[in-house]
Amino acid sequence: MPGKALVLLMLVTTCVVGTGYFLSADNTSTFEWLNIPFSDSVRQDIPAGQAIKDRHLATTQSAPRQPGDNALGFMLTSIADQYTQNTRYPSWSIPLSPAQARGYQGNRYHPVSLPLGDDGHFTVTLEKYRFTKGESILVVASLTGPQVVSDRLQATLEATQVREAVASTNLDSSDSRGFYEGSLESDEDPGEYRLIVEAQVDGKPVRHVSTLTIEPYLGDFEGLGDTYLNDNNLVIPVHFSPETPGFYALSAQLYAGQTPIAQLQSEQRLDMGADTILLKAHGTVLANREVQGQLELRNLQIRQLPARPGERTNYAFGPEEGYSFSPPDLENLRDAPSVDPESERRAALLRQLADKF
């Protein structure tokens with residue numbers, strides 16, 4: 001990692017040096033046309049009205065600012081300041097904005113709409129993107145537009161790697177006009193699959209293709225333990241009973257009412273049977289915040305990490321309603337940056353480079 005960081009730093013420095021030279025005052029040849037005054041003969045050829053207009057523009061528009069001789073040092077200082085700001089939060093407790101919270105809502109399926117003629121659309125919707133092996137896959141399709149559509153659609157589940165159909169079903173017309181629904185079983189091996197829904201539109205076959213995954217059963221979430229403060233952290237014990245031992249990574253969003261606070265994550269080895277993963281919310285995301293009532297953990301996602309290179313990562317998800325809990329008194333938490341010696345060394349190196357220019 002130090003070697004990669006040094007290579008990245010050298011690359012950034014090279015780009016900054018090139019940009020700094022290009023913009024520097026010493027590089028006069030590139031922009032010398034900006035400083036060439038009009039000759040007398042040229043001025044005589046300019047109409048009087050245009051000359052007055054040009055003088056007016058010259059008084060209302062400021063000349064381009066030339067960067068200082070220390071442009072490279074300024075850029076390196078800015079990079080060091082930004083790096084220091086980003087590293088004040090530990091990687092396992094990151095502040096969360098509402099927009100980021102929407103992006104972190106793990107197991108969601110985003111409907112895919114296929115355009116048809118005359119402003120028609122062929123849309124397929126699923127409850128989620130990842131299904132645990134054995135769960136039913138409810139498929140809902142809708143077709144809009146003036147086209148003539150058959151009363152029944154065909155849905156096929158196909159293994160992506162081998163392009164082989166593993167399950168199929170009919171989607172029958174529902175009570176709502178233009179809507180069709182049916183179910184498939186997810187009793188197949190874990191992996192990625194293609195869902196192909198075929199309709200007859202104006203007598204011609206139209207195929208809608210989307211993707212989903214089937215995940216193995218990883219275990220059960222069994223609630224939260226008592227929360228407590230330790231080393232400027234709010235510690236939240238999450239109980240999980242894994243089906244198989246191994247290394248797992250847990251992530252969740254911490255909320256106060258409808259306000260997202262932080263994205264929390266933790267990675268550790270779990271043994272079979274009841275076990276506990278500790279999520280920690282650092283003081284930098286909770287200090288000086290007025291928390292009234294309960295806090296919530298939402299969008300819990302656990303990943304079973306590969307035991308060997310080349311193996312896939314498996315996913316499971318906590319209850320949709322999440323977990324609510326009453327935190328201890330948070331007044332002792334401090335808005336003090338986390339201590340990461342490696343990050344501090346990198347920031348110091350950037351500042352040392354900046355001081356040389």
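The values are calculated or read from the model by the stated rules, or taken from the named source; none is laboratory data. Given the structure is predicted, the values throughout are model-derived calculations rather than measurements. Heads up, the Cβs are rebuilt from the backbone with ideal geometry, glycines too, and the neighbour counts pull from every protein chain shown.
In the list 236, 196, which residue meets the criterion of being in a strand (DSSP E or B), among the β-branched types (Val, Ile, Thr) and not assigned by TED's automatic domain parsing to the domain that holds residue 305?
Working: 236 fails: not assigned by TED's automatic domain parsing to the domain that holds residue 305.
On inspection, the qualifying residue turns out to be 196.
Condition first: over 21 Å from residue 104 (Cα atoms) and of a type in the set (A, V, I, L, M). Can you find one or more residues in the range 236-258 that meet it?
no
Mind checking which residues of the range 276-301 are of a type in the set (Val, Ile, Thr) and part of a strand (DSSP E or B)?
Filtering the range 276-301 for residues of a type in the set (Val, Ile, Thr) gives 276-277, 284-285, 291.
The answer is 276, 277.
Looking at 284, 259 in this structure, which one is crowded, with 19+ Cβ neighbours inside 10 Å and among the hydroxyl-bearing types (Ser, Thr, Tyr)? Outline the logic, then answer.
Numbers: 259 fails: crowded, with 19+ Cβ neighbours inside 10 Å.
Just one listed residue meets the conditions, 284.
Please work out if residue 253 is touching a helix residue (DSSP H, G or I) at 6+ places or on another chain (Cβ under 8 Å) and polar (S, T, N, Q). Give the steps one after another, and end with the answer.
Details: touching a helix residue (DSSP H, G or I) at 6+ places or on another chain (Cβ under 8 Å): yes; polar (S, T, N, Q): yes.
Yes, satisfied.
Filter the range 207-220 down to the residues that are surrounded by 18 or more Cβ atoms within 10 Å (Cβ to Cβ) and farther than 19 Å from residue 189 by Cβ and list them by number.
Selection gives 208, 210.
Can you name every residue in the range 123-157 that is charged (D, E, K, R) and either out of contact with any strand residue (DSSP E or B) (no Cβ under 7 Å at 6 or more places or on another chain) or surrounded by fewer than 17 Cβ atoms within 10 Å (Cβ to Cβ) (or both)?
Initial filter on the range 123-157 (charged (D, E, K, R)): 127-128, 130, 133, 135, 151-152.
Matches in the range 123-157: 127, 128, 133, 135, 151, 152.
Collect the residues in the range 157-192 that are touching a Ser or Thr at 6+ places or on another chain (Cβ under 8 Å), over 21 Å from residue 121 (Cβ atoms) and assigned to a strand (DSSP E or B), keeping them in residue-number order.
157, 165, 167, 168, 169, 183, 184, 185, 191, 192
Kindly evaluate residue 332 against the criterion of being modelled with pLDDT of 90 or more, farther than 27 Å from residue 127 by Cβ and either of a type outside the set (A, V, I, L, M) or within 25 Å of the chain's Cα centre (by Cα) (or both).
Details: modelled with pLDDT of 90 or more: yes; farther than 27 Å from residue 127 by Cβ: yes; either of a type outside the set (A, V, I, L, M) or within 25 Å of the chain's Cα centre (by Cα) (or both): yes.
So residue 332 fits the description; yes.
Being farther than 13 Å from residue 238 by Cα and either not assigned by TED's automatic domain parsing to the domain that holds residue 228 or not β-branched (Val, Ile, Thr) (or both) is the filter here, so list the residues in the range 282-298 that pass it.
Pass one, the range 282-298, residues farther than 13 Å from residue 238 by Cα: 282-295.
282, 283, 286, 287, 288, 289, 290, 292, 293, 294, 295, listed by residue number.
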